[in-house]
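J.: Starting off with a structure, shown below.
The values are calculated or read from the model by the stated rules, or taken from the named source; none is laboratory data. These numbers were taken from a predicted model, which means no experiment stands behind them. Neighbour counts are summed over all protein chains in view; Cβ atoms, including those assigned to glycine, are modelled from backbone coordinates with ideal geometry. Heads up: the accessible areas ignore ligands, DNA and RNA and are worked out on the full protein's heavy atoms, side chains in. Shrake-Rupley method; radii C 1.70, N 1.55, O 1.52, S 1.80 Å.
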Amino acid sequence: MTSGTKSTVVRVPKAGELVAANLRRRIITGELNVGDPLPNEAVLMEQFGVSRPTLREAFRILESESIITVLRGAHGGARVLAPDASVAARYTGLLLQYQGTPLVDVYRARASLEVSAVGMLAEGNRGEALATFAELIEAGADLVEDSAAFARHDVDVHQALIDLAGNQTLAVLGGMLVHIIDAHNALFIAAHGGGNERPAARAAHRAYLKLLGLLREGDANAAQEFWRKHLDAIEKYMIGDTETTLVEVLS
């Protein structure tokens, strides 16, 4: 090959990868439902024209993606699992750790997603979504004296805010970041003592209520501006000037 010439070599997928791709498609399209057993090995080997080792390689691929589980023994076999967002969140966390990503990056990315979600919620007919959001806020009113319980509630509020915006892609991305922030919450409370977080919990609850009021008024700009300031304040409170990385949070 002469210097400067690009390689045109195409990687041909292995048979196990092709079998896994076929089964994956059948799962995500609903042809195979959650909890269903896959056909036994003999049937699948005949169906795909592959050997047992090739079929088991396909199973290993799908198991690593957490969309099937394989039980060993006489009554074993492969069964379909629902795709789990926490798997993507864990892998995202590993990737960010490997890149040495500072924790502040996660908080700022979360803020951008939530501010976008707030804008969506403030526009159009979102009465049902706001009613759901109001019920969630009300459920946390009695938790402000319990730092650990309120921290879990706070995670639910932030995730719900994104979920209720009605954009599934935004919700999945937000869930990945919330998973990381939830881990940081637990470390923060353990390091600072639960009782010290009560004023912050009360302030957060008041912020939820104010946001809800702005959303009900349909004032997207005011709601987004308020929530951006609130999330900036959370970032300063939770991180400050430290240079914490995700290796410290997720290890």
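J.: Of the numbered conditions (1) open to solvent by less than 80 Å² (accessible area, probe 1.4 Å); (2) more than 30 Å from Arg228 (Cβ to Cβ), Glu31 satisfies every one except a single condition; which is it?
T.: (1)
J.: Follow-up. Within the range 174-187, identify whether any single residue is of a type in the set (S, T, N, Q) and either open to solvent by less than 60 Å² (accessible area, probe 1.4 Å) or modelled with pLDDT under 90 (or both), and answer yes or no.
T.: Yes, the range 174-187 has at least one match.
J.: In the range 195-216, what residues are open to solvent by 40 Å² or more (accessible area, probe 1.4 Å), under 19 Å from Glu135 (Cβ atoms) and without any contact (Cβ under 8 Å) to a residue 60 or more places away in the chain?
T.: Correct list: Arg206, Lys210.
J.: Now, a different point. Would you pick out the residues in the range 233-244 that are surrounded by 13 or more Cβ atoms within 10 Å (Cβ to Cβ), of a type in the set (Val, Ile, Thr) and closer than 16 Å to Ala191 by Cα?
T.: Ile239, Thr244
J.: Give the range 1-31 a look and list any residue that's at pLDDT 90 or above, closer than 18 Å to Ser64 by Cβ and either hydroxyl-bearing (Ser, Thr, Tyr) or part of a loop (DSSP other than H, G, I, E, B) (or both), or say none.
T.: Matches in the range 1-31: Lys14 only.
J.: For residues in the range 61-75 being surrounded by 12 or more Cβ atoms within 10 Å (Cβ to Cβ) and without any contact (Cβ under 8 Å) to a residue 40 or more places away in the chain, which is nearest to Gly16 (Cα to Cα)?
T.: For the range 61-75, the residue satisfying everything is Glu63.
J.: Could you list, in sequence order, the residues of the range 140-150 that are open to solvent by 20 Å² or more (accessible area, probe 1.4 Å), touching a helix residue (DSSP H, G or I) at 6+ places or on another chain (Cβ under 7 Å) and in a helix (DSSP H, G or I)?
T.: Once the filter is applied, which keeps residues that are open to solvent by 20 Å² or more (accessible area, probe 1.4 Å), touching a helix residue (DSSP H, G or I) at 6+ places or on another chain (Cβ under 7 Å) and in a helix (DSSP H, G or I), the range 140-150 yields Ala141, Leu143, Ala148.
J.: Select from the range 76-86 the residues that are open to solvent by less than 60 Å² (accessible area, probe 1.4 Å) and under 18 Å from Arg25 (Cβ atoms) and write down the one among them that is modelled with the highest pLDDT.
T.: Only one residue fits best here, namely Val80.
J.: Can you tell me which residue is farthest from the chain's Cα centre (by Cα) among those in the range 46-55 that are under 13 Å from Leu23 (Cβ atoms) and either surrounded by 14 or more Cβ atoms within 10 Å (Cβ to Cβ) or among the small types (Gly, Ala, Ser) (or both)?
T.: The qualifying residue farthest from the chain's Cα centre (by Cα) is Val50.
J.: Count, please, the residues in the range 99-122 that happen to be charged (D, E, K, R), open to solvent by less than 50 Å² (accessible area, probe 1.4 Å) and either free of Cβ contacts under 8 Å to residues at least 40 places away in the same chain or farther than 12 Å from Ile181 by Cα (or both).
T.: First pass over the range 99-122, keeping only residues charged (D, E, K, R): 105, 108, 110, 114.
With the extra rule that they be open to solvent by less than 50 Å² (accessible area, probe 1.4 Å), the set shrinks to 110, 114.
Adding the requirement that they be either free of Cβ contacts under 8 Å to residues at least 40 places away in the same chain or farther than 12 Å from Ile181 by Cα (or both) leaves 114.
Adding up the residues that qualify gives 1.
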